[in-house]
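The structure under discussion appears below in the form of structure tokens.
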Amino acid sequence: MSPYDHDTLGRLIAGLPPVPHGWILAAQELPAARRGIDDIVDRAVADAAYRERVVADLESALAEVGVEPTPPILAELRERFRSL
């Protein structure tokens, strides 16, 4: 068990600097991006023609579902398609 009580932990946390604004934006955008990636992969599993089109142009597939094709998101999709 930790030697800190709730009040002490609250004071310690309150003393931390605020998180960078970019972290907040990323946290807000992550659920929608995850859903978009999952939708693309699910559709690609079910439809070989769609899968070929997506693999050939990941950026367009992401744009279709409203997700910005950032390098981490593109890497995630490439990794997911490697395992199909």
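Brief remarks on what is shown
- Selection status of Ala44, small (Gly, Ala, Ser), open to solvent by less than 50 Å² (accessible area, probe 1.4 Å) and modelled with pLDDT under 90: no
- Some residue of segment 1-17 being open to solvent by less than 70 Å² (accessible area, probe 1.4 Å) and within 14 Å of the chain's Cα centre (by Cα): no
- Failed condition for Asp38, given (1) under 22 Å from Gly22 (Cα atoms); (2) open to solvent by less than 60 Å² (accessible area, probe 1.4 Å); (3) in a helix (DSSP H, G or I): (1)
- Members of segment 41-54 that are among the β-branched types (Val, Ile, Thr) and farther than 27 Å from Gln28 by Cα: Val45
- Taken together, the criteria place Val55 among residues that are among the β-branched types (Val, Ile, Thr), in contact with a helix residue (DSSP H, G or I) (Cβ under 7 Å, 6 or more places away or on another chain) and open to solvent by 70 Å² or more (accessible area, probe 1.4 Å).
- Pairs are defined by a Cβ separation below 6 Å, a sequence spacing of at least 6 or placement on different chains, a first member in segment 24-46 that is touching a residue at least 12 places away in the same chain (Cβ under 8 Å), and a second member that is open to solvent by 70 Å² or more (accessible area, probe 1.4 Å); the pairs so defined are Ala44/Arg51.
- Segment 66-77 residues that are within 10 Å of Glu29 (Cβ to Cβ), paired with ones that are modelled with pLDDT of 90 or more and loosely packed, with under 13 Cβ neighbours inside 10 Å (beta carbon under 9 Å, 6 or more apart): none
- Residue identified as loosely packed, with under 11 Cβ neighbours inside 10 Å and acidic (Asp, Glu) among Glu29, Glu64, Glu68, Glu79: Glu79
The values are calculated or read from the model by the stated rules, or taken from the named source; none is laboratory data. For clarity, every value in this text was computed on a predicted model and none was experimentally measured. Cβ sites come from the backbone with ideal geometry, for glycine too, and all protein chains shown count toward neighbours. Calculation scope for accessible area: heavy atoms of the full protein, side chains included, ligands and nucleic acids excluded. Shrake-Rupley method; radii C 1.70, N 1.55, O 1.52, S 1.80 Å.
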